[in-house]
Amino acid sequence: MTVTQVPKSTGKMLSHDECIAFQDRFLEDVSRTFALTIPQLPPPLYLAVGNAYLLCRIADTIEDEPELTPEQKTAFSEWFNEVVKGTREPDEFADKLTGELSSATKQGEKELIASTSQVVQITHGFTPAQRQAIERCVEIMTKGMGQFQQNAGIAGLKDLSELDHYCYCVAGVVGEMLTDLFCEYSPEIANNREELLDLAIQFGQGLQMTNILKDVWDDRQRGICWLPREVFEKYGIELDTVKPTEPGLSSGIHDLVAIAHRHLQGALRYILTIPSNETGIRQHCLSALGMAVLTLKRVKNNPEFTNGNEVKISRRSVKMILFVTQLLVRSNLGLKLLFTVLMFDFRGLKQPEKT
């Protein structure tokens, strides 16, 4: 049986199956979506991608915790980065952070942070190339989050360029990491590495912008807004005082939907660049893309929504995406036709120009 070496300080060995069982439990607790899509990956990637997601979830939990000050978030993010690299012990980090979490953080996320030691034990058993990709992602993500937390508030980001940078730090870099893991797994995929890396950033930004739009009112309840002021000011909207039914808001939302749509088109090109025989990787990516497209359509068609549940896609829609993309996973033509239909509602939307 394949085994994963854990740090020498623990004196233990975890079997591959034990690592999978551990991660599956937490994926189900913190993200049902990824609990569905990560198992679609081929076995050599399943463990590494699942582990990377859990690490990113810990970083996200630090960012999302409303009771932490910006200074605390920066300190915990930097500490976590050192834990992932193996230069600091995880137990003290987990104990300290767990004690600072409020009731706003879900129980599954609290338990994940309390289990940081086990998560990074699995990380430290990966190949050097896998560790390098994951550690780079966590470092860029934690440093970026720390920078943005210093000025975060309901007034939003300054402009589209700042939005691009934020999306790169929290999502585009994840696309780069996944691409590095895919290339390390498959020499055939590695032949298109540079093209894939460019498209991976678009993929991540499309997903993140969709989430930002979906969660805009939920984020505001936490005192945060990630929308760019420059897009809304031209419609007379001040983000720090905006209401869901305010005239002009829907125009700004549609501008951002158009940008997100363009990035999701890049995501489709990313998937079509993956060899058609790599059905597991394709299916994993297609599931995320399909759910993002359907969510973005709901935002576009209901720009005056007041909470994320109004634009959240149903479980039936999730099952439909999983089923249809699985049928078409090997066919570039079939996938192009499918997403032409899914993206039909976005026709005519114009992107705003950057200032």
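The values are calculated or read from the model by the stated rules, or taken from the named source; none is laboratory data. Treat the numbers as computed from the prediction; the structure is a model and nothing was measured. Virtual Cβ from ideal backbone geometry, glycine too; neighbours counted across all protein chains shown.
Structure data summary
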| quantity | calculated |
| --- | --- |
| Residues that are in contact (Cβ under 8 Å) with a residue 60 or more places away in the chain and surrounded by 19 or more Cβ atoms within 10 Å (Cβ to Cβ), drawn from the range 134-154 | Ile134, Cys137, Val138, Met141, Thr142, Met145, Gly146, Gln149, Ala152 |
| Condition met for Ile122 (over 20 Å from the mean Cα position of the chain (by Cα), of a type in the set (A, V, I, L, M, F, W, C) and buried (at least 22 other Cβ atoms within 10 Å of the Cβ)) | yes |
| Given (1) modelled with pLDDT of 95 or more; (2) within 24 Å of Ala75 (Cα to Cα); (3) β-branched (Val, Ile, Thr); (4) more than 17 Å from the chain's Cα centre (by Cα), index of the condition Val173 fails | (4) |
| Residues of the range 70-101 that turn out to be hydroxyl-bearing (Ser, Thr, Tyr) and within 16 Å of Gln149 (Cβ to Cβ), as a count | 2 |
| Count - residues of the range 239-266 that are of a type outside the set (D, E, K, R) and within 18 Å of Leu163 (Cα to Cα) | 15 |
| Boolean, Ile259 is among the hydrophobic types (A, V, I, L, M, F, W, C) and under 21 Å from the mean Cα position of the chain (by Cα) | yes |
| Filter result for Gly223 (on the phi > 0 side of the Ramachandran plot and either crowded, with 24+ Cβ neighbours inside 10 Å or assigned by TED's automatic domain parsing to the domain that holds Ser287 (or both)) | yes |
| Residue within the range 223-230 that is in a helix (DSSP H, G or I) and under 23 Å from Leu342 (Cα atoms) present | no |
| All helices (runs of 4 or more DSSP H) inside the range 39-110 with 2 or more residues being of a type outside the set (Gly, Ala, Ser) and either in the same structural domain as Ala171 (by TED's automatic domain parsing) or under 20 Å from the mean Cα position of the chain (by Cα) (or both) | 43-64, 70-85 |
| Selected residue [surrounded by fewer than 21 Cβ atoms within 10 Å (Cβ to Cβ), of a type in the set (A, V, I, L, M) and closer than 29 Å to Thr69 by Cα] from Ala129, Ala114 | Ala114 |
| Test: Glu71 is within 25 Å of Arg220 (Cβ to Cβ) and either crowded, with 20+ Cβ neighbours inside 10 Å or touching a Phe, Trp or Tyr at 6+ places or on another chain (Cβ under 6 Å) (or both) | no |
| Some residue of the range 312-334 being of a type outside the set (A, V, I, L, M), assigned by TED's automatic domain parsing to the domain that holds Met177 and within 22 Å of Met177 (Cβ to Cβ) | no |
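Residue by residue, here is whether (1) buried (at least 24 other Cβ atoms within 10 Å of the Cβ); (2) basic (Lys, Arg); (3) out of contact with any Leu (no Cβ under 6 Å at 6 or more places or on another chain); (4) more than 27 Å from Cys225 (Cβ to Cβ) holds:
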site: Gly156; (1), (2), (3), (4): yes, no, no, no
site: Ser161; (1), (2), (3), (4): no, no, yes, no
site: Cys169; (1), (2), (3), (4): no, no, yes, no
site: Ile189; (1), (2), (3), (4): no, no, yes, yes
site: Arg193; (1), (2), (3), (4): no, yes, yes, yes
